[in-house]
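A.B. asks: Let me begin by handing over the structure; questions about it come next.
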Amino acid sequence: MPRPALSLLTQVSFVHLVSHVHFLAVPALLPLLPDALDVDFVELGLAVSLFNIASALCQAPMGFAVDRHGARRVLAAGLALGTAALFFLALFPSYFGLLAASTVMGVANAVYHPGDYAILSHSVKESVMGRAFSIHSFAGFCGSAATPALLTAVALWRGIPAAFAVTGLFGLAALAALGLAWPSEASHGHEAGAADSEDPAPGRRSPTNWKAMLSPVIFILILLYILLSLSTGSMERFSASALIQGYGAGLPLANGAQTAFLVCTAAGVLSGGLLADRTKRHGYVAALAFGAASVATLITAFGGLPPFPLVAMFALIGFLTGVIVPSRDMLVRAASPKGGEGAVFGIVTTGFNIGGAVGPPMWGFFLDSGRPSWVFYSAALFMALTVALTWVQERRRAE
């Protein structure tokens with residue numbers, strides 16, 4: 001990979017890591033927030049839903065903004081906004097402060113997928129695109145993997161406001177990284193690592209291809225992202241609380257299992273990048289991996305696993321769900337018209353936010369009503385639906 005492209009990939013990947021730290025700031029503290037804020041899980045689920053609703057409403061417009069005004073500017077604005085919201089929450093740690101900050105962080109979160117993927121689509125050679133996507137996603141999952149243990153430790157040591165303040169410091173670090181010199185070779189052409197989405201010259205953008213933007217394939221991909229969000233969201237955000245409430249796990253074991261899921265998701269993403277560059281049948285990769293993950297999640301839901309096998313099962317589920325991430329991104333890129341990558345990724349990844357808005361109140365209801373096992377049963381169900389959708393879509397492409 002040319003040096004300019006590698007430099008861009010490093011910067012964008014670090015920003016993506018921080019975006020996941022911000023994204024999980026509230027979910028990582030879910031086991032501690034009910035007592036700290038005197039609220040129940042349904043109320044906390046509302047805060048997570050507001051984040052996702054705001055992000056869903058803003059993500060497509062942010063995608064068009066990326067294609068028109070440049071990804072770097074849009075990314076910097078989102079980082080600054082999310083960081084400010086976290087420092088506000090550190091200063092005003094109330095439930096209504098949480099609702100307000102979650103909404104603002106949802107708006108900020110809308111910039112990352114269209115901005116990051118637009119840059120990568122124009123800065124990396126086709127032959128290594130799957131691996132570039134996997135490194136970018138790996139960085140995000142590393143942020144996710146580190147966040148629960150880090151923020152829980154800070155909250156237990158210095159309190160929940162301190163945990164939010166630490167999360168804000170990550171945002172300042174990302175802003176500093178983004179402010180470093182952007183590779184000067186970025187305008188020298190695609191094979192040299194060009195980032196056409198960054199500060200494009202007037203007239204360089206292709207006109208918006210609305211027919212391609214609103215094709216049936218795009219709507220299928222939106223549905224795929226909704227199912228992926230519902231499949232993995234419960235494991236990422238509510239699994240620790242479910243293990244504590246319904247399976248007799250202590251906080252260290254529950255956080256350990258959740259962390260194993262996130263760490264092995266990151267490892268699976270790297271493996272999936274190699275697969276994505278070696279096959280065109282990305283739908284079959286997703287179907288096979290998610291089918292196995294669905295079975296493993298059902299085994300977890302049945303309960304009775306001792307601590308070590310429980311952590312190992314979470315690790316397996318995480319690895320299998322991570323494998324499909326680069327293939328998922330390649331499917332979206334293949335559906336994007338040239339010059340419109342930011343808009344398409346912005347439109348399609350609203351599916352994440354739709355799932356993220358629907359899921360948390362549902363999982364919160366399961367916990368509040370004494371049905372923690374349904375956090376896992378629902379994940380297995382949505383994984384099975386994902387398998388069916390990707391398998392049928394791949395068969396249609398092959399015909």
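A.B. asks: Karplus couplings for region 291-296 from phi (6.51 cos²θ - 1.76 cosθ + 1.60, θ = phi - 60°), rounded to Hz, Gly and Pro as x?
C.D. replies: Working through the residues one at a time gives x, 5, 5, 4, 5, 5 Hz.
A.B. asks: Could you work out how far helix 112-123 tilts from the main Cα principal axis of the chain, as a 0 to 90 degree angle to the nearest 10?
C.D. replies: Roughly 40 degrees between the two axes.
A.B. asks: Ok, one more. How large is the Kirkwood hydrodynamic radius of the chain, in angstrom, based on all distinct alpha carbon pairs?
C.D. replies: The answer is 20.8 Å.
A.B. asks: Where does helix 41-69 land angle-wise versus the long Cα axis of the chain, in degrees 0 to 90, nearest 10?
C.D. replies: The helix 41-69 is inclined about 0 degrees to the chain.
A.B. asks: In terms of modelled amide H atoms, which long-range or inter-chain residues lie less than 5 Å from the amide H of Phe92?
C.D. replies: Sorted by chain and number, the residues that satisfy this come to none at all.
A.B. asks: Hey, what number do you get for the chain at 222 nm if only DSSP H runs of n ≥ 4 count, each worth -39500 (n - 2.57), divided across all residues, to the nearest 500?
C.D. replies: -26500 deg cm²/dmol
A.B. asks: Still on this structure, I have one more. Could you work out how much longer the chain between Arg158 and Leu251 gets when fully extended? Use 0.36 nm per residue separation minus the Cα distance between them, nm to one decimal.
C.D. replies: Length gained, Arg158 through Leu251: 31.7 nm.
A.B. asks: Now for a separate question. Grab the alpha carbons of region 1-127, take their convex hull, and tell me the volume per residue in Å³.
C.D. replies: Hull volume normalised by residue count: 108 Å³.
A.B. asks: Starting from the eigenvalues of the Cα gyration tensor, five times each then square-rooted, give me the equivalent ellipsoid semi-axes of region 237-309, largest first, whole Å.
C.D. replies: For region 237-309, the ellipsoid semi-axes come out as 29, 14, 9 Å.
A.B. asks: Return the sequence-ordered ³J(HN,Hα) values of region 323-333 in whole Hz as given by the Karplus equation 6.51 cos²θ - 1.76 cosθ + 1.60 applied to θ = phi - 60°, using x for Gly and Pro.
C.D. replies: Taking θ as phi minus 60°, the curve returns 4, 7, 4, x, 5, 4, 5, 5, 4, 5, 4 Hz for region 323-333.
Read the figures in this text as sums done on the coordinates, not as results from a lab. Being a predicted model, the structure only gives us computed values, none of them experimental.
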